[in-house]
Amino acid sequence: MAKDDFPRLLREWHKANGLSQAALAKCLGISRATITQYETGKRTPCFEIGKKLTSVINLKAGTIPQGRHFTKLENRQFTKKERDFAVEHYGCVIDYLHSHKLDHDEWYEICVFAYLKAVQLWFIRRDLHKYSFSTVAYKRMDFAVKDEYQARKRRPQTVSLDDIIPGTENMTYGETLCDPRDCVRT
């Protein structure tokens, strides 16, 4: 692996394993800002952090080391037991959408995938059994909905040239454009 590949690989790895920057930083005993610097290539991990990071990354699929942030949610087919459980508790998704007044067509896909992750978690992490499954599923769906709202805020907004620019005295975006004939060099 080239040194330049490290930031990209670290980003891809923690996203693929469902770890936020904050969770990864907590596992390594460093700040989230430091993880950001690693991922942007502005900083390289010291030897000790490199060792910790390597041990985290080299975990075998399906293992659950100390700490709840390391649970690996695999992209695999469910076992019969997991499928039966998912079918039995499927009503959680519909109840969640209804109780949070979310439009079924808009939010179903987001919530159902979060629900399926909750089913996987339920079978991987026995410590969650102190809660009801619906609590675990609702929490997972809460995170997915919150993430989607945040993603929507980051998306660029489409505006019309006829829209008024906020904070101006009725100036439109179209008025800020110059006439192409005025921009020709002579």
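The values are calculated or read from the model by the stated rules, or taken from the named source; none is laboratory data. Here the structure is a predicted model, which is why all the values come from computation and not from measurement. Ideal geometry is used to build each Cβ from the backbone, glycine not excepted, and the neighbour counts take in all protein chains shown. The area values use the complete protein model at the heavy-atom level, side chains included, leaving out ligands, DNA and RNA. Shrake-Rupley method; radii C 1.70, N 1.55, O 1.52, S 1.80 Å.
Quotient of the Cα radius of gyration of the stretch 88-131 and 2.2 N^0.38 Å, N being its number of residues: 1.26. A 23 angstrom limit on the alpha carbon distance is what I want to check against. Which of K42/K146; K101/K153; K26/K81; K80/K146 exceed it? Those over the limit are K42/K146; K26/K81; K80/K146. Rolled with a 1.4 Å probe across the full set of protein chains, the surface gives C27 an accessible area near 40 Å².
Computed on protein heavy atoms with a 1.4 Å probe, the accessible areas place E12, E169, E88, E148 in the order E169, E88, E12, E148, largest first. Among Y138, Y115, the order of accessible area from largest down is Y138, Y115, computed with a 1.4 Å probe on protein heavy atoms. Amide H contacts for T172 (H built 1.01 Å from N in the peptide plane; partners 5 or more residues away or on another chain; cut-off under 5 Å): I165. Can you give the local net charge around Y173? Use residues other than it whose beta-carbon is closer than 9 angstrom to its beta-carbon, Lys and Arg +1, Asp and Glu -1. Cβ neighbours under 9 Å give a net charge of -3. Label separation (I49 vs F85): 3.7 nm, computed from points 7 Å beyond Cα along the C-beta direction.
For the stretch 94-169, build the charge dipole from Cβ charges (+1 Lys, Arg; -1 Asp, Glu) around the Cα centre, then report which of W122, T168, Y149 sits farthest towards its positive end. Farthest towards the positive pole: W122.
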